[in-house]
Every structure is written in C-alpha cells, then in structure tokens.
Protein chains: 2
Amino acid sequence: MRQVSNMLDEERCRVVIESVEPEIDGGLFPIKRIPGEAVRVEADVFGDGHEAISCVLMFRHEQEKQWRQTAMELSVNDRWHGAFVVTEIGRYFYTLAAYVDRFKSWRRDLLKKVEAAQHTELDMAAGALLIEAANQRAADADAKELRAWARKLQAKNHSLADRIGYALDSELAALLEKYPDTSFATRYANELAVVVERDKARFSSWYEIFPRSCAAAPGRHGSFRDCERCLPHIAAMGFDTLYLPPIHPIGRAQRKGKNNTGAAEADDPGSPWGIGAAEGGHKAIHPELGSLDDFRRLVMKAKEYGIEIALDIAFQCSPDHPYVTQHPDWFRHRPDGSIQYAENPPKKYQDIYPLDFDTNEWRELWRELKSVVDYWIDQGVRIFRVDNPHTKPLPFWQWLIAEVKKDHAETIFLAEAFTRPKVMYRLAKLGFSQSYSYFAWRNTKQELTEYFRELTETEVHEYFRPNLWPNTPDILTEYLQFGGRPAFMTRLVLAATLGANYGIYGPAFELCDNQAREPGSEEYLNSEKYQIKHWHTDRADSLKEFIARVNRIRRENAALQNDSSLRFHNTDNDQIICYSKQSADRANVVVVVVNLDPHHVQSAWLSLDLKTLGFDVQPSYQAHDLLTGARFLWQAGKNYVELDPRSAPAHVFRLRWRVRREQDFDYFS
Amino acid sequence: MRQVSNMLDEERCRVVIESVEPEIDGGLFPIKRIPGEAVRVEADVFGDGHEAISCVLMFRHEQEKQWRQTAMELSVNDRWHGAFVVTEIGRYFYTLAAYVDRFKSWRRDLLKKVEAAQHTELDMAAGALLIEAANQRAADADAKELRAWARKLQAKNHSLADRIGYALDSELAALLEKYPDTSFATRYANELAVVVERDKARFSSWYEIFPRSCAAAPGRHGSFRDCERCLPHIAAMGFDTLYLPPIHPIGRAQRKGKNNTGAAEADDPGSPWGIGAAEGGHKAIHPELGSLDDFRRLVMKAKEYGIEIALDIAFQCSPDHPYVTQHPDWFRHRPDGSIQYAENPPKKYQDIYPLDFDTNEWRELWRELKSVVDYWIDQGVRIFRVDNPHTKPLPFWQWLIAEVKKDHAETIFLAEAFTRPKVMYRLAKLGFSQSYSYFAWRNTKQELTEYFRELTETEVHEYFRPNLWPNTPDILTEYLQFGGRPAFMTRLVLAATLGANYGIYGPAFELCDNQAREPGSEEYLNSEKYQIKHWHTDRADSLKEFIARVNRIRRENAALQNDSSLRFHNTDNDQIICYSKQSADRANVVVVVVNLDPHHVQSAWLSLDLKTLGFDVQPSYQAHDLLTGARFLWQAGKNYVELDPRSAPAHVFRLRWRVRREQDFDYFS
C-alpha cells in the first residue's frame, strides 16, 4: 500500500482519529509485549458527511525507517480495529492514519444506484476520473492496468450493464486500495511505543535462596560452590530463575543480630541488605561466598541446567560502605554533621544509610549506580530484582533502565515495590519488566477475583506484569502460618497458574516452614535474613515433587504462559475459585479449580463460561486433571467438583473439546 | 501562596501528576462552564519514598497573566482534589503543580516521634533550618516572623517540651505553607481549558416558528411584523429563545412542492432551507417576510419580552443562489460540467447544492461563510442554530466558532446534528454550546435512563449540553402520533426537566398536531416546511397553560437549570420513571415522576436514594407537587405514586426537608 505521507494542511483533513487504545497516559509510556505477540489497536475514526473512510495502522521497529502499514476495519459505532505482530526485541512504534476514500464512496454509491436503477453514463465517467487520478500515483505495472480499467469503464462499445460489472470488480477495488489519495490524510498526533522483551519477561519461575545457607553441612557459611551443588535440585523442581539476595560484603557497624534484634553477636553474619564494608561495596563479593570467578562459574553452571541467576539491586549502604567516606555528598547530613540513617518514625534503621538523590552531585551518583548494573551485566547477569525501587526517584529508574537496555535489551528488571498501587503501576510504566504484587495478601475468592481482574482485564495488563510470590524472606502470611501443608499447596497452585511469572522463597516454602517470629508478625522465626540456616531438602514431607509437577504443567501448557487471557468463572461456593487461561491460538485451554479452605473438604457446582473463552457451547467435553491424571466428561451447564485439601486442594484441568465419536472411526463412512 | 515556578531540572522532580480529570482527549478540547460554576479537578499525585507532598491547582482567566493557586487535598489512594470557581465568560486555563514538602514531612515525623518519645534536640535544629530556608523565600513581614519562629525552636532557655509545642503550632504550619520550596516542583504537562459561556448556554427554553405562518388571517404570507404580534403569546408560555428557520430568499429552480413532492405549483412557497434566489443569499431576507429594519425591530421587540431571536445557519445553496454563478469553484462539478446536487443514494436533493469544502479556494469560502455569521451578529443576533453541521468539515466549525467568539464570546451555537454519537460529541468538543440529542427517540424507562446517564454521569457532561426537542418540523415521533394529548404532556415534562435546555416546534406541539404524512413516516402531513399554515393558538385544548406552568417551574427552581445533577431513582414499575435534580448549593431539590404510558393509569412504589443526593435519610419530608400544588408527606423508604395520563401524567415535586415540629414553636423551650 502507498505510504501515508504527512498532512499538508491540517484544516483540510476531514477525518478524526481519537480514543486510541492501547495508549498509556496519552502516549507517555510504552505497552509491553514479547516476540510473536500481537498488538491489537482500536480507535474511533470518523469524518463529516457521508464519504467512505479508510484507516491504516502504521508500525515499525525502532531500527526500521519506513513505516509498515496494515488496513484497519470498522467494528461498530465508528470504532475501528487492526493488529500487527511484533517479532524482534527492542522498541516498536505505532500510529494511525485515515483519509476520505473517494473511490470507496463512489463504488458504494454506485451499488446503491444500481439497486435503485439510477445509474447513468455520468457515473462511469466519474469513476474513470478517480481511476485516472490513482494512475498518477501508481507504480509502473499497476499504472498500466489502471489506465486499462479507466478505458473499459468508458468503452462505449460495451453495454452500460457490462461496464457497471467492470466498475464493481473486486480486482479493481483491490488495485485502487493500493493507491489512495492521502494528500489530506489525518495522521494521529502520537507515535505510541511497544517495548518488546524476551519471552522470560512474560513467563518465568523464580526460586530464591540465600547462598550462605547452602553449605553441605550445618554450621558452615555456604558459598557459590555450594550453590552449584543445589542446582540439580532446583532444576528438578522446574525453576528457570535463581534469585540471590545481595552477595556483597556486609557492614559491621550497627549490624543486626538474630531475629532482627538490635545488637549483633560476634558470629552473627548480618543482613545481606546491609551492603558495604572494608572489602568493598556494590561491585564486590562477600569474601565467604567465594571469588568473582566462583560467581561467574555459578552463572555458567546454572545455564547448563536452564537456570539464569538473578541478582539483587539494593541501592543503599551500610555505614561501612566505601561510598560513605569517598562520597559524603551522596548522603544527607543531620544538623550535627552525622549522616542521616533510614527512618520511618518511629522505626529507625541505623544499619542503613539511604543515598540522597537530592544531592547536587546527582549526575555522578546516577552514573555510579548505573555502573553497578553494568558491572554485573559484564559478569553475565541479565536479570535484576530491584529492592525497594519506590524509595528512589522514579525518573532515575526510567533513565537507568532505558540506558541499560540500549546495549542490553535482553535485561529484565523485577520491581520489589510493596507500596501503594499507583506507585507500583508507575514503576511498571517507566520500565520495570515485572513487578512484585499484592498476591501474598489476596486469599479469599473475592479478593483474588477483584485484584486479578484489575491486573488482567483493564489497561493495567498492557504494562504491568505481576510476579506472584506466596512467600518471601520478609513475608510469611497468616494463611501460610495457620493453614498447614495444604495452605502451601493451595498458594503454590494459585501463584503458578494465576501468574505467568511467579516465585517462591526456597526451601522455607517447599519444607512448609510456617513459624512466625511472634504472634501477629509476618516475619519468619530465626529468619535467614539475619542468620545462616541449614535446610534438609530431602525431607519426606517436602513439596518438591508437587512443585515439579506444577512447573511441568506450566511448561507444557502455553495457556499458563500469559496473564491477559485470565478469566474467572462462577462457582456456587465462596471457598472454591475457578478460572481459565488459554493460548493466543486458543488451542490450549486450562481451567483451574482451587479449594481456598485449607482445613475442610469443599465442593461446588461450576458454571464455565465457554462463550467468554470464545468457544461454542458443546454438549460435552473432557476435563483432564493434569495434577492427578484423572479425566472427567463434563456437560454444558453446571459440573460438580469436590476437593480435599489433605490430598489435592486443586484441579488443573486441560480442556479437550473434541471427544471422539462414531464419525471419527475410519469405517464410519 | 508563593507562585510555583517552572521546573528547573526534570530529572530532579520527584512528584508525579497523572490521570487528571476533567481532561478531554488529552487536553485537546476545553470543558464548559457558566459563570459561578465550580471546576472540580482530580489527579493522582505521588512521589517516591515517604516524604510529604503538597499539590496546588493553578488557574487563570485568559486575560490574566498570573496564575492563581489553591491547595489541593488528598482524598484516598493518591487521588487529590481541588476546585475553583469561574466568574467571567471567555476562556480559563488550569493546571497542577506538586512538590515534596520538607517542612510538612518534618512536622509529621516530629509528631510521630513525640508519640514514641523519640524526639531530640536535633529535630529542633532540623526544623529551624527548614524555617530559615523558607525565610529566604518569604516576603518582608513574614520573613521577620519566620526568623522569630526559628529562634524560638532553638531557644535553650525554653524546655524541649515547650519548643515541641512551638514546632507543632498551626500558625507556623500556615506560614510555611505560604513559602514552600518549589525549585523542583512538577508542573503538569498540559494546560487545560474551560470555555465559560453565558448562563443561557446551560439553561434555555426554545420555541420554533415559521414566520411565514404567523399572518393574522389564513392564506396570507406572514411577516416579521406578524411575528411581533405572536411575542406576548410566546412570552406568556415562558420561552426565552425564539428560533426562526432560514429567513433568506428561497430558490425557485427545483423548488419542492407540498408534502415534499417533486414539482412545486406556482404558489408553493418552497422550503426555507432552499436558500438563495435572485434577491440574494445568506445575507438577504426573503422579501415577503419584510425588510432588514423589520427584522431588527423584531429582535428589539422580542428583547422587551425577554426573548432572544435565534437564527438558522444552513450552509447550502439553492441552484439560484448568487454563489453559484459568482463562485462556481465553491461547488463540485460532475464530469458533464453540471454542478453536483446533494445526494445520499438512492435519495436525491436536486434543490440543494452542497458547498464543496474540498475546493482549492477553501480559505475564501471559509471567510465568506464566517462573514455571514458576522452579518447577523451585526443585526443583533447572538444565538445560531446550525443546520447539519456534521456535513461540513469539523475543522471549519472549530475555526468559525473560535473566530466568532474572539469578538463575541456571548454567542451561542446549537448543533443540529442528528448523526452518530461520536460525531455529535466531537462537534460539542470543538465548540458548539448546545447540541440536539437523541431524546426524541428515547421513550422507555430503560432508554431514557441509559441515555441520560451517559450524558450526565460520564465525562460527556463536561462538554456536551443536550438540547431536548420532543418534536421538530422533521420529527413527529411514533410516540406523539399515537399517544394523544397525554403523550405531548409527558414528552414536554420529560424534555423540560431532563434537560436544562429544551425546545418545542411551536404551535404544532401546543396544539398536539399528530398527523403523519403516511404510516411509518415521521414527517408531518402538510408540513410547514413546504407550505404556509395558519394556527389557531387560542384553541381550548391547547397545551399553552400547561407549558407555561412547566416553564415557570423551570425558572423558579435552580435544580432544573443544570444537567449534571441528574440522578435516577428506583421504581417498581417500568412505566414510571423517577429522577431528581438539585442546585449546586443543594438548597433546591426537585424530584420528577412521569407515567410513560399515555394510555393507562400507572402506579408505583418509589425508592428515593436520598444518600446519592447527599442528604441524611430523614424519617419524613414533604413532596410538594409544583404542577398541581398538592403536598405529600413522604416517609424514608418507599412511597406510593399513581398517575392518570388523562389528567396529569407527571409529578414535579420540590422536596422540603424540614417539616415543622414541636421544637419549631417559639414557646417550646
């Protein structure tokens, strides 16, 4: 199709383009995709009067100069739609153009006139003029063909009826569509962006461990070499991302003791988030973990198991961090000259000095912090879990992520911002690939339904990719504390099927550690944050096999590898939640049913909304439970489920539509 | 408050402003108000971290250079709100600014520390530093006071407890609020506009007559002088706007005959919309109506009755229009050289030549058309009803209205665009003060509720002011054709109370003319569009007194003079609709109950949602029917109504909350 040029004379453009979707904050922020995904664009497009309109969706990868074009189609009420597929990582742009289409109008009116027997020789002459005008805009071969059509329309040796036939020929229409008069085309004012990231941005399974707790025997400080030994276990469970809390030297001044008590004993290792000591800061490695070479080796070994190492980016300093003496201007000072530690009255965090982004030396500070990310990229890391990004300036992250992605578009950033919803959404808009979510605190059917509808059925799904963690070293929810082993199974299934991205905080989860520090607290008793632990991952009651099965189901079912297809279905019991996901081609449909009550058997009648899924209602179909292997023949309408939390608190069904019938036998016909 | 300056360094601005409302199409179009109305603005405002934020709403009239400011307040979930009142017609602008407020943070944290007994001398020193910094920004008198506060906070001869008291003094807080540090304030990127029009743009009562049908005796061509004689009748009914179809010379070529038949007889007067003849075009007057002086006299006389004359702007030409010969380039030509008449196949309108806005002479055409409006403004007209604006370019109207309003901001344009919803909304956005609506075809409770909720409860109410016409010379609805006199009463009450702006097509309405040209047609039999009529406005069955009563209720009740307060209430009968309106100060509350069935008595139990109206539920209150004078004592909860279409198909209640009680008697206490 002919490239739509810029408008010549704004006043002469008779078509309006408005209410474009997706468009985040007036085009300020990009939407997100992975290669192979479609971008479906909608807009209100209309003009004055009766003339027919054509509308094209224009798109290009950032490295292409020319726009590509695809025709948009009218749905209803002046709403048009079109789509393109992104194939390369990086940034795409899209916009729209629309114009009055004189030939389309003429053809439509001719049809009506023919129906009313009002057509005349004059209509043929008018059509020929339009074709000749298109001829001026056409490429050589097509120009010749267009001239031939124009002559045919006016060939007096053919009957008017014959020539009406030529005029309405669909080949002629297709040819004209290639050479529209776009002199007064309206170009949509905004060029909208799509950030295309690698597949893992949309689908990933995370596992978090403290390397120092990985020693082969209790009482020893674990190392990267010890982590290597754990890789087969983690890979067997089916995780593809191994996230390590900060691996840097830990400060000694104001170091926290066991269970986050004020004073550390001599042998207390301190919190890995108290970063920086005499041995170095954010680019150094805590000596007991090993050398830089050991770290690089771990990254390589993990890759052999299909696992990527994700590092923690926590931009804060212990009082011993080299920055404190080298760059005192990067910290805020109190009136007595001392450095301001972190506080949120009445809480004080004397072991943490926040960086002062209001410093006049902010440019140097930003550059240094980016060099930290660059340093670990040089060591082979491409995934970063960012600690508390919401306590640093939002423009800083926007800049940092954009800068890093210029050279390494494959880098993934996960925002650990447990804060107010709009701040979390803003971090996602400005560039974070994934975001921690409120999942841990959504336990009832209503809470889960409301939250995940917000995440997947509104504009939010265009830029916010939730990463669902049932636990973290900071979060041992009440539900897990009091629900026993069934609660862990339930929350695992929910996390792994509600979210294409999910993760667990390691052995503590698979071994169902549910001891809180004190009643009412969400902190673990003897938390690994403040002491070294030794986990018996071969315990018989470990959930490792259940986790492995769930992760295998995720890998084998494309339906579970996206978030936007999530839909909830009705059940008549508030303890039973039911939802579905499907692959983009609709070939793979998974329905998940979970008993949210970890203490009692619950049953319900489900009403699957097959129409919402885009399927015709069938009299019967098969529901194949991928967790147990059981197969059920389900009927249109309501179906019964019963779930015992002590054995299996959930079904993960794959639906199979085509139950074999007599017609399927070779000898039927 | 100190003026918020522009930001210095975008990266250093730590506050985000987004999702501002109202903001039409990303700020492309203004919202609408009349003097005295408030503009309530909401926005999501937040920053990183824990610092306290302040946000100001900035606004100015186009003739003011300096922004005025008012503080915004936090509602919930990072949503802030503020408001300003517009007082002058013309254009206002508004935008927002927000910044980290260090003193507010310090004060908030100090309070928390005091509660936890953690406050120290150092807090006083930090506070004093912030006060001294404000002092640098302060005006003379305030600066002195600020210095005094800073000293008091550190006065060692006062106890720390005393000085904490000073630090938390609300006078100090108010003083600091005047001099915030706005160096890194975030300014919202858009400056949004408000078009303030005179009161009549929001509240008007229209009456349409054909002047040629106003002669004192049948068989004569009425004139402007005859119209003068009709003024007392129109004024007595309570109308404030008298709209005349085109008053220009009517073309003779292709003139339409009676009942829109093809061939006109010699004495057929033709349609007033067939504009232009040897006597002149859009700036001329049809000779039989009178002279320009007669017209000016009518404008003056009408004013004496509190009535404004509204003219019709129909930018189209009869084949006899002087433009056709003077400016052939302004029309589209067919291949045979003839001028293209209007058509929408299979319909042909050979008596109308549309102007070709695609002409290369478009600038001259635009200027000439604007001069038509200017001409009638010079004759004293300030209200224009624009015929079919949706068949002319949208940018043309945007330009024309803006240009006219530069010199005459008091001009009101009503768009007569019966077309698709988005086109109608666009015309309103680009400048039309009022718009014809789909009201005529909304008859059932569900239709009315859905449509008017769209108009008043969504963003649409910020720019689209519907003008409700139960009939027009082109529209005699089925409901009116078959509902008898009750249907006219019902539709009048609905139009006059659902819409602050409404109108009727003259004597045909008040005399309940309901004869259609043929079954299935919405055209009047013997339509005034094609022939001169004589109306017996003194007929005993005229609705004139009923209309007068309804219009008086509109004038006396501010509740009925706005659209945005419209709310629907539940009734248990689909034939009974109930809705309320209230004045901005809530002093005036009107509840309307209408029987939509013109044939039968209907009754219902109403459930008034008083909470939605912002009122506490009261055990009882008075509903005073302004149509009949009857008073009802209503209870909280459900109340019964019964409406007989033959007598009164509607109640228009004014609610009176304060029923007198024993305490109200002077001698009670």
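The values are calculated or read from the model by the stated rules, or taken from the named source; none is laboratory data. Note that the structure is a prediction, hence the values are computed from the model and not measured. Cβ coordinates were reconstructed from backbone atoms using ideal geometry, including for glycine residues, and neighbour counts include every protein chain displayed. Side chains included, ligands, DNA and RNA excluded: accessible areas come from the protein's heavy atoms. Shrake-Rupley method; radii C 1.70, N 1.55, O 1.52, S 1.80 Å.
Given the options B:415, B:409, B:508, B:487, name the one that is under 16 Å from the mean Cα position of the chain (by Cα) and open to solvent by less than 20 Å² (accessible area, probe 1.4 Å).
Working: B:409 fails: open to solvent by less than 20 Å² (accessible area, probe 1.4 Å); B:508 fails: under 16 Å from the mean Cα position of the chain (by Cα); B:487 fails: under 16 Å from the mean Cα position of the chain (by Cα).
Exactly one residue qualifies, and that residue is B:415.
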Of those in segment B:385-406 that are open to solvent by less than 10 Å² (accessible area, probe 1.4 Å) and within 17 Å of residue B:89 (Cβ to Cβ), the residue nearest to the other protein chains (Cβ to nearest Cβ) is B:401
Wholly inside segment A:99-211, helices (runs of 4 or more DSSP H) that include 3 or more residues that are open to solvent by less than 70 Å² (accessible area, probe 1.4 Å) and in contact (Cβ under 8 Å) with a residue 40 or more places away in the chain are A:102-115, A:121-137, A:160-167, A:170-178
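Scan segment A:485-518 residue by residue and report those that are of a type outside the set (S, T, N, Q), touching a Pro at 6+ places or on another chain (Cβ under 6 Å) and either farther than 23 Å from residue A:258 by Cα or part of a helix (DSSP H, G or I) (or both). Quick ask: steps written out before the conclusion?
Narrowing segment A:485-518 to residues of a type outside the set (S, T, N, Q): A:485-489, A:491-496, A:498-500, A:502-513, A:516-518.
This time we only want the ones that are touching a Pro at 6+ places or on another chain (Cβ under 6 Å), so: A:486-487, A:489, A:491, A:495, A:499, A:505.
Residues satisfying the conditions are A:486, A:487, A:489, A:491, A:495, A:499.
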Restricted to segment B:463-484 and to residues being open to solvent by less than 10 Å² (accessible area, probe 1.4 Å) and in a helix (DSSP H, G or I), the residue nearest to residue B:197 (Cα to Cα) is B:480
Residue A:31: passes all of (1) open to solvent by 10 Å² or more (accessible area, probe 1.4 Å); (2) more than 14 Å from chain B (Cβ to nearest Cβ) but (1)
Residue A:308 assigned by TED's automatic domain parsing to the domain that holds residue A:343 and under 29 Å from residue A:393 (Cβ atoms): yes
Listed by first then second residue, the pairs whose first member lies in segment B:427-455 and is at positive phi, whose partner is not hydrophobic (A, V, I, L, M, F, W, C), with beta carbons under 7 Å and at least 6 positions apart or on separate chains, are B:431/B:398
Checked B:356, B:268, B:336 against criteria (outside any helix (DSSP H, G or I), touching a helix residue (DSSP H, G or I) at 6+ places or on another chain (Cβ under 7 Å), surrounded by fewer than 21 Cβ atoms within 10 Å (Cβ to Cβ) and away from every other protein chain (no Cβ under 14 Å)); the one match is B:268
Practice item. Please work out if residue B:83 is small (Gly, Ala, Ser) and free of Cβ contacts under 8 Å to residues at least 12 places away in the same chain. Key: no
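Considering only segment A:148-160, I want to know if a residue exists there that is touching a Ser or Thr at 6+ places or on another chain (Cβ under 9 Å) and more than 10 Å from chain B (Cβ to nearest Cβ).
Taking segment A:148-160 as the starting set, the residues that turn out to be touching a Ser or Thr at 6+ places or on another chain (Cβ under 9 Å) are A:160.
Now restrict to residues that are more than 10 Å from chain B (Cβ to nearest Cβ): A:160.
Yes.
Could you tell me whether segment B:13-21 includes any residue that is part of a strand (DSSP E or B), under 27 Å from residue B:582 (Cβ atoms) and away from every other protein chain (no Cβ under 14 Å)? Full working, then the answer.
First, the residues of segment B:13-21 that are part of a strand (DSSP E or B): B:15-21.
Applying the additional criterion that residues be under 27 Å from residue B:582 (Cβ atoms) yields B:20-21.
Keeping just the survivors that are away from every other protein chain (no Cβ under 14 Å) gives none.
Scanning segment B:13-21 turns up no residue that is part of a strand (DSSP E or B), under 27 Å from residue B:582 (Cβ atoms) and away from every other protein chain (no Cβ under 14 Å).
Is it fair to say residue B:553 is within 30 Å of residue B:273 (Cα to Cα) and either among the β-branched types (Val, Ile, Thr) or assigned by TED's automatic domain parsing to the domain that holds residue B:656 (or both)? I'd like the intermediate steps shown before the answer.
Working: within 30 Å of residue B:273 (Cα to Cα): no; either among the β-branched types (Val, Ile, Thr) or assigned by TED's automatic domain parsing to the domain that holds residue B:656 (or both): yes.
Spelling it out, it is not the case that residue B:553 is within 30 Å of residue B:273 (Cα to Cα) and either among the β-branched types (Val, Ile, Thr) or assigned by TED's automatic domain parsing to the domain that holds residue B:656 (or both).
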**Residue within segment A:368-378 that is without any contact (Cβ under 8 Å) to a residue 12 or more places away in the chain and within 14 Å of chain B (Cβ to nearest Cβ) present** = no
Any chance residue B:278 is open to solvent by 20 Å² or more (accessible area, probe 1.4 Å) and aliphatic (A, V, I, L, M):
yes
Inside segment B:425-484, the number of residues satisfying the requirement of being among the basic types (Lys, Arg) and over 26 Å from residue B:245 (Cβ atoms) is 3
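Going by the conditions given, is residue B:239 open to solvent by less than 10 Å² (accessible area, probe 1.4 Å) and at pLDDT 95 or above? Give the derivation first.
On the way: open to solvent by less than 10 Å² (accessible area, probe 1.4 Å): yes; at pLDDT 95 or above: yes.
Spelling it out, residue B:239 is indeed open to solvent by less than 10 Å² (accessible area, probe 1.4 Å) and at pLDDT 95 or above.
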The residue from A:437, A:433 that alone is touching a helix residue (DSSP H, G or I) at 6+ places or on another chain (Cβ under 6 Å) and either away from every other protein chain (no Cβ under 14 Å) or under 30 Å from residue A:488 (Cα atoms) (or both) is A:433
### Task
Answer yes or no as to whether residue A:595 is more than 23 Å from the chain's Cα centre (by Cα) and open to solvent by less than 40 Å² (accessible area, probe 1.4 Å).
yes
**Message:** Among the residues of segment A:67-84, are any open to solvent by 30 Å² or more (accessible area, probe 1.4 Å), more than 9 Å from chain B (Cβ to nearest Cβ) and under 25 Å from residue A:464 (Cα atoms)?
**Reply:** yes
Over segment A:540-555, the set of residues without any contact (Cβ under 8 Å) to a residue 24 or more places away in the chain and part of a helix (DSSP H, G or I) is A:545
Condition (residue is surrounded by 21 or more Cβ atoms within 10 Å (Cβ to Cβ), in a loop (DSSP other than H, G, I, E, B) and within 14 Å of chain B (Cβ to nearest Cβ)) applied to segment A:41-60: is it met by at least one residue? yes
*asked:* Suppose the filter is closer than 22 Å to residue A:274 by Cβ, at the interface with chain B (Cβ under 9 Å from one of its Cβ atoms) and open to solvent by less than 40 Å² (accessible area, probe 1.4 Å); does residue A:421 pass it?
replied: no
Among (1) out of contact with any Leu (no Cβ under 6 Å at 6 or more places or on another chain); (2) modelled with pLDDT of 95 or more; (3) of a type outside the set (Val, Ile, Thr), residue A:72 falls short only on (1)
